[in-house]
Every structure is written in structure tokens, then in C-alpha cells.
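See below for the structure under consideration.
The values are calculated or read from the model by the stated rules, or taken from the named source; none is laboratory data. Note that the coordinates shown come from a computational prediction; the quantities given were computed from them, not determined experimentally. We place every Cβ from the backbone using ideal geometry, glycine too, and count neighbours over all the protein chains shown.
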Amino acid sequence: MPPRIAIPMPHSIDREYAERAIGQYERAIEQAGGEPVRIPLDQPTAPYVCMNEVMKLEVLKILERCDGVLLPGSNADVDPARFGATRSPRAAAADPRRAAADELLLQDAYDLRKPILGICYGLQSLNVYRSGSLIQHIPDFLPEELRARVNHEAGKKVAIAHAVEIENDSRLAEIVNGKGREGHGFSRANKYPGRNGALAPEANKLVVPVNSSHHQSADTIGDGLRISARCPDDGIVEALEGTAPDHFVFAVQWHPERSVNEDEPSRAIFRALVQAAAQGHMQRGG
């Protein structure tokens with residue numbers, strides 16, 4: 001049986017967006033050899049009411065049969081009250097049901113050492129769960145001279161929004177570049193000729209072109225997490241990973257699910273999650 005990966009629906013209110021978005025994550029997990037398992041956010045209560053106890057029990061029953069967690073993107077924003085900030089006028093509405101589902105999934109994953117992959121909103125959700133904070137609107141945070149260098153929200157209109165530099169000593173670098181393998185035909189000196197990453201010797205960084213659609217990012221980094229990638233043009237945090245050697249915890253601010261058919265680094269990220277889930281399943285005795 002393939003390892004089962006729990007994926008919460010991206011949004012509890014915007015059903016059209018949620019159905020359209022989740023298919024990309026499901027296909028990426030299937031291509032990597034896993035079985036995606038949807039975590040529903042439906043419940044018979046008014047909009048924006050948080051998950052009730054019945055729904056929590058249903059989610060926990062599903063999680064008993066899952067080996068890993070994928071936190072997808074969303075067109076919601078994390079409620080800034082959760083990290084002690086006043087809401088920016090540029091912040092999108094929060095989605096309490098999605099937030100509650102993420103918290104259940106993360107608690108289960110940390111308690112049982114199930115692997116975690118966060119994508120875009122998923123990175124932000126993970127960071128706040130670990131007591132970190134967020135930049136609520138990137139242009140408002142950056143100095144004026146850096147604001148126009150990168151459009152982090154461009155991913156809906158272009159295949160490649162910008163590059164990210166992955167720390168060479170990170171576990172993410174091992175995943176994206178392949179342990180013991182050479183990189184795949186790309187460096188900062190030859191910008192965006194292909195979709196695969198390569199080690200850029202001038203910076204000792206793995207440089208990968210990515211698709212991104214976000215206006216928020218990690219600020220204070222949460223407990224047990226470290227930065228493993230940044231945007232080289234403006235320093236925005238692009239990836240986090242867990243510091244515990246016995247727990248697979250990764251999150252990227254870009255959208256590898258959109259490019260699994262085009263590049264190896266995107267496929268490698270999902271394969272790593274599925275492989276870690278399979279190993280954990282065996283260690284837990286099936």
C-alpha cells in the first residue's frame with residue numbers, strides 16, 4: 001500500500017478555488033508514489049466559524065490512517081492575532097477552519113514524527129504554529145530600493161517568478177540537488193535557461209528558478225526551524241526546515257506542485273516527502 005499523505009482542502013469558503021487548487025497537490029503526490037487523502041473542511045455551521053468537536057474527531061480518525069502531512073497553499077492569510085500583530089490592510093481574510101485543520105495535522109505530525117511538507121500558506125502556517133511570525137505584506141516590509149526587484153505574486157501569470165538560493169549545508173539542498181549527484185544545468189550566471197537547479201560555485205548555493213504567488217513570508221522563525229533558502233534579490237525567506245534530525249519537516253514558499261512536469265527539483269521535493277512517509281510507516285509497524 002502506498003504511503004498516505006493527508007492534505008487539507010486549501011480553503012473552507014472559496015470552494016471553487018479549493019477544488020481547482022487541490023488537484024495539483026494530489027497529482028504531485030501520486031506521481032511521487034503516494035496516496036493523497038483529502039481532509040475536508042465542511043461542517044454544518046456558519047461561515048468563518050471554527051471547526052467544531054465533531055469535525056475534529058472526523059479529522060483525527062482520518063489522520064490515524066495517514067503517514068504524512070502536506071499543507072497546501074491558500075488564498076487566505078494566517079490571522080495575525082496568532083502571532084501578536086495588528087492586521088495589515090493588505091492582509092486577506094483568515095480561514096479559521098483551515099487554520100484549525102492545519103493545527104490538528106501539525107500536532108499529530110509532531111507527536112508521531114510524521115513527515116511534514118508545507119507549501120506557500122503551508123510554510124506560513126507551520127512557522128506560526130511553531131511560535132514564529134510573518135511579514136504581512138512584503139512590499140511594505142522591504143526598503144523602497146528593493147520593492148521592485150522581485151514580484152513574489154507573479155506566479156499566476158508566469159511560469160518562473162524568480163530564483164531562490166538554497167543553503168548548501170541544508171537538508172533541502174540534499175533533496176533538490178540529490179545526495180551525491182551533480183546538479184542539473186542552471187546557475188545565476190545563466191538566468192532561467194531551464195527549469196532545473198545547479199550548484200552556483202560563486203555563492204556556494206544551489207540556485208533554483210521557482211513559481212511563486214505570495215505576498216506574505218516568514219519573519220521571526222519558529223522554534224525548531226531554520227532558514228534553508230532565500231530570494232537572492234531581496235532576502236525574503238523562501239524555505240524552512242526542521243532542525244531535529246529524526247523528523248522530516250520542510251516548507252517552501254514557492255509552488256513546486258505547479259512544475260512537477262517540468263523540473264526535477266520539484267519532483268524531488270514530493271518524492272522526499274513520500275519516501276519519508278513510507279519509512280515512518282514501516283517504523284510504526286504498518
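Checked against the criterion of being surrounded by fewer than 17 Cβ atoms within 10 Å (Cβ to Cβ) and either charged (D, E, K, R) or touching a Pro at 6+ places or on another chain (Cβ under 9 Å) (or both), the candidates 114, 156 yield just one match: 156. Selection of segment 148-173 for residues being over 19 Å from the mean Cα position of the chain (by Cα) and either in contact (Cβ under 8 Å) with a residue 24 or more places away in the chain or on the phi > 0 side of the Ramachandran plot (or both) yields 149, 150, 158, 168. Of the candidates 77, 102, the single residue that is among the acidic types (Asp, Glu) and within 19 Å of residue 155 (Cα to Cα) is 77.
One residue stands out in segment 236-265 among those that are outside any strand (DSSP E or B) and without any contact (Cβ under 8 Å) to a residue 24 or more places away in the chain: the one that is surrounded by the fewest Cβ atoms within 10 Å (Cβ to Cβ), namely 245. Across segment 239-271, the qualifying residues are those that are among the hydrophobic types (A, V, I, L, M, F, W, C) and closer than 20 Å to residue 111 by Cα, and the one among them that is nearest to the chain's Cα centre (by Cα) is 251. Inclusion of residue 132 among residues that are under 16 Å from residue 218 (Cα atoms), touching a Cys at 6+ places or on another chain (Cβ under 7 Å) and assigned to a loop (DSSP other than H, G, I, E, B) is not warranted.
Residues considered: 273, 199, 206. Of these, the only one that is modelled with pLDDT of 95 or more, out of contact with any Cys (no Cβ under 9 Å at 6 or more places or on another chain) and either over 15 Å from residue 70 (Cα atoms) or aliphatic (A, V, I, L, M) (or both) is 273. One residue alone among 38, 97 is farther than 30 Å from residue 171 by Cα and among the basic types (Lys, Arg), and that residue is 97.
So, in segment 215-235, exactly how many residues are assigned to a loop (DSSP other than H, G, I, E, B) and either hydrophobic (A, V, I, L, M, F, W, C) or surrounded by fewer than 23 Cβ atoms within 10 Å (Cβ to Cβ) (or both)?
12
Of the residues making up segment 67-103, those that are closer than 21 Å to residue 42 by Cα and assigned to a helix (DSSP H, G or I) are 96, 97, 98, 99, 100, 101, 102, 103.
The condition (being under 18 Å from residue 251 (Cα atoms), surrounded by fewer than 20 Cβ atoms within 10 Å (Cβ to Cβ), in contact with a strand residue (DSSP E or B) (Cβ under 9 Å, 6 or more places away or on another chain) and at pLDDT below 95) is satisfied by just one residue among 168, 151: 168. Here is the figure for segment 80-107: residues that are aliphatic (A, V, I, L, M) and touching an Asp or Glu at 6+ places or on another chain (Cβ under 8 Å) total 5.
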